[in-house]
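Notes for the one structure printed next.
The values are calculated or read from the model by the stated rules, or taken from the named source; none is laboratory data. Just so you know, these numbers come straight off a predicted model, no measurement behind them. All Cβ positions, glycine included, derive from the backbone under ideal geometry; neighbour counts span all protein chains shown. Heavy atoms of the whole protein, side chains included, go into the accessibility calculation; ligands, DNA and RNA do not. Shrake-Rupley method; radii C 1.70, N 1.55, O 1.52, S 1.80 Å.
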Amino acid sequence: ELHPPPGSRGRRQRADTMDHMHAVVRSMMSPDAGADPLDQYRPPTSDLFAVFVQFEIGPSEGPGAELFGLTVCSPQWLLQQQWPKGFEFLHSTLVIERWDVELIGQAVGSLCERTSGADWPAIAQSLSRFMAWEFADYHAS
């Protein structure tokens, strides 16, 4: 379940306190960065870009991680897109004004800290509302 940031007026209080586990970012990478580590990668233009970034995210209470991904893009990149039908639904997209790996980490880290649940599957399901999750469409046979 997603919780508002501490100190916000709309903070929800939970009657049960069982939901203490939250998500943590273990690593982030991008196939678009090539061989460069993501913290050294720079898109050709710092205010016109769309870069796919993957995150290994796992439970705060124990080992393990699963892959989540999103497209990090600039508002200028969005403005230059042409939508054939005149509209587009966007999922798994983070919009930032300028390329800033630290800001990307902060944004996803904050989302993870605010996403808690009784177990990892519940947390991962909540995160999948914002990011593409490797197991989003998985159904045990």
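Computed quantities for the displayed model
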{"quantity": "Ranked by how many other beta carbons lie within 10 Å on average, peptides 97-110, 30-43, 119-132 from highest", "calculated": "119-132, 97-110, 30-43"}
{"quantity": "Electrostatic dipole magnitude of segment 31-141 [Cβ: Lys, Arg +1; Asp, Glu -1; Cα centre; debye, to 20]", "calculated": "380 debye"}
{"quantity": "Probe 1.4 Å, all protein chains present, accessible-area order of H22, H91, largest first", "calculated": "H91, H22"}
{"quantity": "Segment 23-137 shape via C-alpha gyration tensor axes, a/c threshold 1.5", "calculated": "oblate"}
